[in-house]
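A quick write-up on the structure given underneath.
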Amino acid sequence: MQVAIYIRKSSESEDRQVQSLEDQKKVLLEFAKRNGIHVTEILEESKSAKQPGTRPVFSQLIQKIESGGIAGLLVWHMNRLSRNMLEGGQIAHLLHCGRLEFIKTPERTYYPDDSALLISIENGMATSFIQDLRRNTIRGMIGKAERGWKPTHPPIGYRYNKETHEIVIDPAKFAILRQCWELILTGNATVARAVKYAEELGMRHLFQSGHVPRSKLYKAFADPFYYGKFEFRGKTYQGAHQPMISKAEFDRAHDILSGRLRSNRSKHNFTYAGLLKCRYCGCSITAERKTKHYKTTNRVANYVYYHCTGARGCRKCSVSETELDRRLGQAIMQFKLPPELLPWAGTEFKKYIEKIESAEGQSVNLTKEKVSKLGRRLKRLHQMRLDDEIEAAEYKELKTQIESELTELKTASAREATIKNSLARQIENRLALLEQAQCLEDLSSQMRQVMLRQLARSYFLTLENVEIEPDPIIGQIIAFEPLKSSFQSYKEGHPVREFNVWLPLVDKIRTALLTEPDLTTD
């Protein structure tokens, strides 16, 4: 008699706790040896059995049974053969018409004379398990989405934290992708240029292929996840993750890439195109190239001029690129900080974060205790309903109330954690950006424009100079001044007391993060 072993393991969730292929094989071979069964072949595959017609090895098994090549089957459990009614019916039919003489599992044996109801029940239970699992999984994923966490894999720049079950930023990719957004927002770059820019910044080394997939950046620039929202099963949810950009920035980038907003891209690559606005009318400052021919020397010179578009009747602002370079150079001097300040501020800030975490430990424990208490109340309420101590209507009302309190508590806790993490990220990122800004004049024109956009929200051109509206957090940092003018007045190892207003400054930034959610965008 030809007897085969069929083993299957799915990589999907319903089979994660099922024994592995090797374990199934070992158990069935030992079972065959104990029962004196000679196994002629072993068929194995790693496929889900939820849908019919998706398992090539199972199809081969059916063909061999129908042709008489296999007369007996050994399986670890009947649900290894099928988890759908169609293929389960095939196996039951082959057994009852005598094509299969038996199907054996370590627990029991099925023969052609057995009641068809028994196998139908086994197959029905396996199918029902999958259906229930799917419903429960979807219900759990919807619940997760309602709490603000995307149930599916996060996009580039983020990763899933297996310990907290939350979506957190991927530090290496997050900062680079944020700069790619800035590049797109200049209106001077395509997605292809953003890909090249990301690779220049080192993102290529973060992918096994050694290059940044262009498709990932195309998806990124169209994904609302980056400004704090996500879609799941046709519904939009507010995310609890850290946004990368604001909604206004997302809309502008989308308009630029779709062509609805006229891009600043042209045959000329002007250094400051799209960066400045006119202080008098608020219109954008545009650039044009002028060519002048000097007859006396037969010399041809090219000049670049920046001026107001005049869309609102204003023609006041006009300046050469050379003069604009000079004015911007003077304006960005405010970002030039004492060399001792940045490393000192970074060190002190880390100490400050540790102090916050220590002080908030009691609050976190209190929140956990409240969550645990509400969980016990919910469990007792459920038991009371099972014991018919309360009516269905009262049970539903109380259950909704407790679940609402739980959701509010968890949401508030997640928000506080997000703010704390954001504070650390914001300060560290801004300090790193200011450190790079110390050598701004050494950067290429395109990278200089990207960095200028990160340093400030707006640049305004007037008749006399350039006015800058710094990024709010950077504005707080560059406004900081030591109490004393000398940075070398203390002995080595002595606390640098001249910076003792730094921590109140951090407190001020933290308050701004709590009151102005837009500032949490890195």
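For the range 333-347, the tally of residues that are modelled with pLDDT under 80 and in contact with a Leu (Cβ under 7 Å, 6 or more places away or on another chain) stands at 4. Exactly one residue among Phe174, Phe230 is hydrophobic (A, V, I, L, M, F, W, C), in a helix (DSSP H, G or I) and either in contact with a helix residue (DSSP H, G or I) (Cβ under 9 Å, 6 or more places away or on another chain) or open to solvent by less than 70 Å² (accessible area, probe 1.4 Å) (or both), and that residue is Phe174. Selection within the range 90-147: residues that are at pLDDT 85 or above and of a type in the set (S, T, N, Q). The member of this set that is surrounded by the most Cβ atoms within 10 Å (Cβ to Cβ) is Thr105.
Condition check: under 30 Å from Thr152 (Cα atoms) and touching a helix residue (DSSP H, G or I) at 6+ places or on another chain (Cβ under 8 Å). Does Pro106 satisfy that? So Pro106 fails the test.
Once the range 330-340 is narrowed to residues that are in a helix (DSSP H, G or I) and in contact with a helix residue (DSSP H, G or I) (Cβ under 7 Å, 6 or more places away or on another chain), the residue that is least open to solvent (accessible area, probe 1.4 Å) is Phe335. In the range 458-471 there is no residue matching the filter, namely being modelled with pLDDT of 70 or more, at negative phi, part of a helix (DSSP H, G or I) and surrounded by fewer than 19 Cβ atoms within 10 Å (Cβ to Cβ).
Scanning the range 163-206 for residues that are of a type in the set (Ser, Thr, Tyr) and under 16 Å from the mean Cα position of the chain (by Cα) gives a single hit, Thr164. Tell me whether the range 202-221 contains one or more residues that are open to solvent by 10 Å² or more (accessible area, probe 1.4 Å), farther than 21 Å from Gln426 by Cα, assigned to a strand (DSSP E or B) and not basic (Lys, Arg). No, the range 202-221 contains no residue that is open to solvent by 10 Å² or more (accessible area, probe 1.4 Å), farther than 21 Å from Gln426 by Cα, assigned to a strand (DSSP E or B) and not basic (Lys, Arg).
Do we have any residue at all in the range 179-196 that's within 23 Å of Gln449 (Cβ to Cβ), of a type in the set (Ser, Thr, Tyr), surrounded by fewer than 17 Cβ atoms within 10 Å (Cβ to Cβ) and modelled with pLDDT of 80 or more? Checked the range 179-196: at least one residue is within 23 Å of Gln449 (Cβ to Cβ), of a type in the set (Ser, Thr, Tyr), surrounded by fewer than 17 Cβ atoms within 10 Å (Cβ to Cβ) and modelled with pLDDT of 80 or more. The residue that is farthest from Ser10 (Cα to Cα), among those in the range 47-65 that are touching a helix residue (DSSP H, G or I) at 6+ places or on another chain (Cβ under 7 Å) and open to solvent by 30 Å² or more (accessible area, probe 1.4 Å), is Pro52. With respect to Thr164, is the statement that it is open to solvent by 50 Å² or more (accessible area, probe 1.4 Å), touching a residue at least 12 places away in the same chain (Cβ under 8 Å) and outside any helix (DSSP H, G or I) true? It is false that Thr164 is open to solvent by 50 Å² or more (accessible area, probe 1.4 Å), touching a residue at least 12 places away in the same chain (Cβ under 8 Å) and outside any helix (DSSP H, G or I). Looking only at residues of the range 348-399 that are hydrophobic (A, V, I, L, M, F, W, C) and within 30 Å of Leu431 (Cβ to Cβ), we find that the one that is modelled with the highest pLDDT is Phe349. Among the residues of the range 182-201, write down those that are touching a helix residue (DSSP H, G or I) at 6+ places or on another chain (Cβ under 6 Å), free of Cβ contacts under 8 Å to residues at least 40 places away in the same chain and outside any loop (DSSP other than H, G, I, E, B). Listed by number, the residues that qualify are Ala194, Val195, Ala198. Yes or no: the range 234-257 includes at least one residue that is within 30 Å of the chain's Cα centre (by Cα), over 30 Å from Asn302 (Cβ atoms), at pLDDT below 80 and not in a strand (DSSP E or B). Scanning the range 234-257, I find no residue that is within 30 Å of the chain's Cα centre (by Cα), over 30 Å from Asn302 (Cβ atoms), at pLDDT below 80 and not in a strand (DSSP E or B), so the answer is no.
The values are calculated or read from the model by the stated rules, or taken from the named source; none is laboratory data. Predicted, not measured: the structure shown is a model, and the values here were computed from it. Note: ideal-geometry Cβ built from the backbone for every residue, glycine included; neighbour counts use all protein chains shown. The accessibility values were calculated without ligands, DNA or RNA, using every heavy atom of the protein model including side chains. Shrake-Rupley method; radii C 1.70, N 1.55, O 1.52, S 1.80 Å.
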